[in-house]
Amino acid sequence: LLRPVAFAQIWKSWLSSCSLVGNKNIILMGPPGAGKTTVGRIVGQKLGCPVIDIDDDVLETTWNMSVSGKLQDVGNEQFLEEEGKALLRFSASGSVISLTGSNPMHAAGMQHMKKNGIVVYLDVPTAVIMSRLESMKVDRIVGQSPGLSLKDILQFRKQFYKRWYDIRVLCGGDIAAEVVAEKVLDAVKRYQNSELETFISTRSSRCERSMGKISHKYFSDVVTEGLAPDGGLFVPERGLPKFTAGEWQLLIEATYTERAQVILEKCIHPADIPASKLAEIIETAYGENFTCSKIAPVRHLVGNQFLLELFHGPTASFKDFALQMVPHIFAYCIPRSCNYLVLVATSGDTGSAVLDGFSRLHDTDKQRIAVINFFPEDGVSPIQKSQMICCQKENAWSIGVKSDFDFCQTAIKQIFTNSDYTGFLTVEYGTALAAANSINWARLLPQIVYHASAYLDLVHQGIIPFGSPVDVCIPTGNFGNILAALYAKIMGIPIRKCICASNENNVLTDFIRTGVYDLRGRKLIPTFSPAVDILKSSNLERYLHLIANEDGQLVTQIYSQLENQGHFQLQNDLLEKLQQDLVAGWCSEEDCLAAIHSVYSTTGYILDTHTAVAKVVADRLQDRTCPIIISSTAHYSKFAPAILRALRIAEINQNPLSQLHLLSSYSPLPPVHWGLLETLKKKGNEDHQVCAADISVLMSHIETLIQNHFM
């Protein structure tokens with residue numbers, strides 16, 4: 001007789017298997033040699049489920065001959081058709097099914113299989129597959145013909161695998177079948193348990209969460225809502241997913257979009273955005289809108305310094321990486337029953353990026369989604385302002401505010417948390433408000449991708465072996481970009497230190513060095529690097545919540561003190577944690593211009609003003625024991641007057657377009673940004689509204705624009 005404990009374990013295992021599979025099939029898909037048959041047997045054994053191998057148990061039984069014999073007998077095209085017909089006649093439930101490598105090439109057959117199954121893609125590198133097939137003495141697969149290599153066929157088939165899978169499992173060359181089977185089971189559990197991937201506010205207390213007083217929020221919710229009801233920022237309750245070193249190494253040979261797909265699949269549950277839809281969004285965002293095929297190339301600058309060029313998007317700044325994606329994510333996630341007005345505050349680059357991104361939506365989505373961009377009227381560069389005005393479209397508007405960025409950002413937060421006002425807009429106009437600033441969680445995810453990709457590029461270029469550390473230096477204002485680098489580190493990228501580079505608005509430098517965040521007596525100083533002219537760094541709250549072990553009560557106290565008294569001080573233990581991740585420095589205006597001139601004189605390369613700030617700080621703080629990746633966050637074309645001044649060109653025309661033509665005459669590296677030139681050449685809507693620094697005035701503008709667009 002079984003002892004009670006043993007019986008309970010068996011009963012628990014049986015219940016787990018039944019709840020995991022139910023009547024659904026687990027369908028293993030991948031190229032020949034991926035290990036589908038072996039892994040399928042192990043998974044079936046663990047679950048106590050029937051195991052079906054399409055090759056052995058369906059095709060050969062149906063045809064009464066070997067698969068290789070059938071292929072030789074009828075040829076490629078007829079084989080695929082016969083194979084598809086066999087799938088259409090096949091039926092099973094609660095089983096583990098191993099497909100053939102060519103099954104996914106028959107659309108009707110795969111649609112039939114997906115009706116009652118979860119398709120798991122065993123993603124094995126092509127080089128590994130070719131090695132395995134060679135050792136198995138397989139010299140021909142379906143689709144191969146004279147002049148078409150085995151490698152070509154394997155690459156060709158990937159499009160079909162990507163079309164059908166629900167879940168991807170990364171499989172390296174030396175990974176055991178038992179380990180792959182465990183990864184399959186873990187992936188299926190995740191797929192079927194979306195309730196485990198919830199989000200919390202940075203200001204929710206552990207007590208509130210443990211008592212169930214906090215309603216569960218999912219990815220779709222936080223994309224739509226932007227800001228938490230208590231004024232905090234949304235973060236994943238169970239933290240970020242982790243990649244093993246082996247999984248990261250599988251992405252070294254991958255393209256940028258392939259890396260983005262794999263990383264974002266781990267961060268976004270398929271119940272919120274299925275893998276196939278996510279792939280469509282990524283392709284739309286990065287397919288044709290970026291001027292460089294590498295999307296975010298890494299360029300050697302000098303010594304051990306490398307530039308991560310983040311300005312190849314349509315509006316010439318790093319904001320394009322998120323804001324070419326987020327509008328499509330937003331349009332997919334929001335309910336169809338309501339119109340949405342997206343509010344955004346910008347210190348320069350976000351404005352044009354968000355206007356451009358939302359203007360690229362499908363026409364049907366533009367009718368229900370509009371965006372208002374608030375920017376400091378006198379706090380951005382002339383070209384940035386011209387860009388924001390020229391980027392206005394039928395569903396996208398810019399409003400200048402007679403104040404600074406901190407006022408714009410604070411005003412938007414207060415509008416979001418004004419339940420009477422937001423409720424009035426919903427009842428009166430059927431319109432809800434949403435946020436597109438980096439306070440929105442979806443804004444951060446694409447930024448994690450480019451920090452991870454930069455590291456993988458250095459490995460791919462042979463600069464470092466995987467596992468060797470790098471430092472990153474990032475011009476920092478609202479703390480979103482550097483937070484994304486810290487998140488990449490948490491997910492397994494070997495980043496040693498994140499260097500926070502400030503301009504003369506150096507509140508973050510002081511904070512990182514002392515633990516004291518003090519706004520008392522500080523006034524915002526307009527600089528040549530306006531995107532980091534910020535005193536209240538919103539995303540810092542997410543990082544403090546992280547190092548405080550998700551103590552929302554402490555975060556609430558800190559930010560209440562900052563709001564009411566203008567300062568706060570970190571406890572010593574938290575400051576020690578912070579300084580393990582971060583170091584900080586700042587750069588004067590003179591040093592910024594001098595760095596631009598020096599780099600151009602020695603290399604012919606022109607840094608923008610923000611990248612120059614980071615270069616100065618990197619020179620001072622790096623210890624030269626490892627490579628340092630400097631985030632080049634914008635194209636120098638956006639800051640032509642400052643660049644011309646740095647290059648000591650005396651005659652500076654006030655017309656932005658003339659300034660770009662003058663810069664172009666110097667044959668600079670990189671060339672003047674074509675997208676910016678095209679935007680400034682447009683003679684479209686060159687006017688914009690300007691309003692006073694009064695929240696009630698902003699609210700009035702919002703209501704008027706809702707009436708004009710949605711009513």
### Summary
Only one of (1) in contact with a Ser or Thr (Cβ under 7 Å, 6 or more places away or on another chain); (2) closer than 25 Å to residue 451 by Cα; (3) of a type in the set (A, V, I, L, M) does not apply to residue 214, and that is (2)
### Message
Looking for something open to solvent by 70 Å² or more (accessible area, probe 1.4 Å) and outside any loop (DSSP other than H, G, I, E, B) - is there at least one such residue anywhere in the range 655-666?
### Response
yes
### Task
Quick one: count up the residues across the range 318-356 that are modelled with pLDDT of 95 or more, assigned to a loop (DSSP other than H, G, I, E, B) and either open to solvent by 10 Å² or more (accessible area, probe 1.4 Å) or in contact with an Asp or Glu (Cβ under 9 Å, 6 or more places away or on another chain) (or both).
2
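Has the range 693-706 got any residue that is under 21 Å from residue 377 (Cα atoms), in a loop (DSSP other than H, G, I, E, B) and either basic (Lys, Arg) or open to solvent by 20 Å² or more (accessible area, probe 1.4 Å) (or both)?
The answer is yes; a qualifying residue exists.
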### Qualifying positions in the range 280-326 - touching a Cys at 6+ places or on another chain (Cβ under 8 Å) and within 15 Å of residue 455 (Cα to Cα)
304, 309
### Query
Can we say residue 275 is of a type in the set (Gly, Ala, Ser), under 15 Å from the mean Cα position of the chain (by Cα) and more than 14 Å from residue 328 (Cβ to Cβ)?
yes
#### Entry: Leading residue by the ranking (farthest from residue 234 (Cα to Cα)) among those in the range 538-568 that are of a type in the set (D, E, K, R) and not in a helix (DSSP H, G or I)
551
### Query
So, of the residues in the range 573-620 that are without any contact (Cβ under 8 Å) to a residue 24 or more places away in the chain and hydroxyl-bearing (Ser, Thr, Tyr), which turns out to be nearest to residue 473 (Cα to Cα)?
598
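If only one of 118, 97, 129 is at pLDDT below 95 and either within 30 Å of residue 238 (Cα to Cα) or in contact with a helix residue (DSSP H, G or I) (Cβ under 9 Å, 6 or more places away or on another chain) (or both), which one is it?
Within the list 118, 97, 129, the selection yields 129.
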### Query
Could we say that residue 93 is of a type in the set (Gly, Ala, Ser), open to solvent by 40 Å² or more (accessible area, probe 1.4 Å), farther than 16 Å from residue 59 by Cβ and in a loop (DSSP other than H, G, I, E, B) here?
yes
### Message
Take the residues in the range 114-126 that are open to solvent by 10 Å² or more (accessible area, probe 1.4 Å) and touching a residue at least 12 places away in the same chain (Cβ under 8 Å); name whichever of them is farthest from residue 162 (Cα to Cα).
### Response
116
### Message
Residue pairs, Cβ under 7 Å, 6 or more apart or interchain, first in the range 27-50 and open to solvent by less than 30 Å² (accessible area, probe 1.4 Å), second in a helix (DSSP H, G or I) and among the basic types (Lys, Arg). List them.
### Response
28/36; 30/36; 31/157; 33/132
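Just to be sure, is residue 108 touching a residue at least 24 places away in the same chain (Cβ under 8 Å), farther than 22 Å from residue 252 by Cβ, surrounded by fewer than 19 Cβ atoms within 10 Å (Cβ to Cβ) and touching a helix residue (DSSP H, G or I) at 6+ places or on another chain (Cβ under 7 Å)?
yes
Quick one: which of 417, 364, 410, 346 is among the hydroxyl-bearing types (Ser, Thr, Tyr) and in contact with a strand residue (DSSP E or B) (Cβ under 6 Å, 6 or more places away or on another chain)?
Working: 417 fails: in contact with a strand residue (DSSP E or B) (Cβ under 6 Å, 6 or more places away or on another chain); 364 fails: in contact with a strand residue (DSSP E or B) (Cβ under 6 Å, 6 or more places away or on another chain); 410 fails: in contact with a strand residue (DSSP E or B) (Cβ under 6 Å, 6 or more places away or on another chain).
Just a single option satisfies the conditions, and that option is 346.
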### Query
Can you name the number of the only condition in (1) open to solvent by less than 20 Å² (accessible area, probe 1.4 Å); (2) over 22 Å from the mean Cα position of the chain (by Cα) that residue 359 fails?
(2)
### Task
Taking the residues in the range 178-190 that are surrounded by fewer than 17 Cβ atoms within 10 Å (Cβ to Cβ) and not basic (Lys, Arg) as candidates, determine which candidate is nearest to residue 24 (Cα to Cα).
186
### Query
Within the bounds of the range 492-508, is there any residue that is out of contact with any Phe, Trp or Tyr (no Cβ under 8 Å at 6 or more places or on another chain), open to solvent by less than 10 Å² (accessible area, probe 1.4 Å), within 18 Å of residue 542 (Cβ to Cβ) and not in a strand (DSSP E or B)?
no
### Message
Looking at the structure I just gave you, is residue 551 at pLDDT below 95, over 28 Å from residue 348 (Cβ atoms) and either surrounded by fewer than 19 Cβ atoms within 10 Å (Cβ to Cβ) or of a type in the set (Phe, Trp, Tyr) (or both)?
### Response
yes
### Task
Would you point out which residue out of 341, 361, 323 is within 25 Å of residue 677 (Cβ to Cβ) and in contact (Cβ under 8 Å) with a residue 60 or more places away in the chain?
323
### Task
Within the range 126-133, identify whether any single residue is touching a strand residue (DSSP E or B) at 6+ places or on another chain (Cβ under 8 Å) and small (Gly, Ala, Ser), and answer yes or no.
no
## Note on the structure
Note on the range 51-60: residues closer than 13 Å to residue 97 by Cα, open to solvent by 30 Å² or more (accessible area, probe 1.4 Å) and assigned to a helix (DSSP H, G or I) are 55, 56, 57
### Summary
Reported set for the range 156-180 where residues are in a helix (DSSP H, G or I) and within 13 Å of residue 34 (Cβ to Cβ) is 157, 158, 161, 177, 180
#### Entry: Hits in the range 462-490 - residues which are surrounded by fewer than 21 Cβ atoms within 10 Å (Cβ to Cβ) and in a loop (DSSP other than H, G, I, E, B)
462, 463, 464, 465, 466, 467, 468, 469
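The values are calculated or read from the model by the stated rules, or taken from the named source; none is laboratory data. Predicted, not measured: the structure shown is a model, and the values here were computed from it. Cβ: placed from backbone, ideal geometry, glycine included. Neighbour counts: every protein chain shown. Protein only, heavy atoms only, side chains kept; ligands, DNA and RNA dropped before computing areas. Shrake-Rupley method; radii C 1.70, N 1.55, O 1.52, S 1.80 Å.
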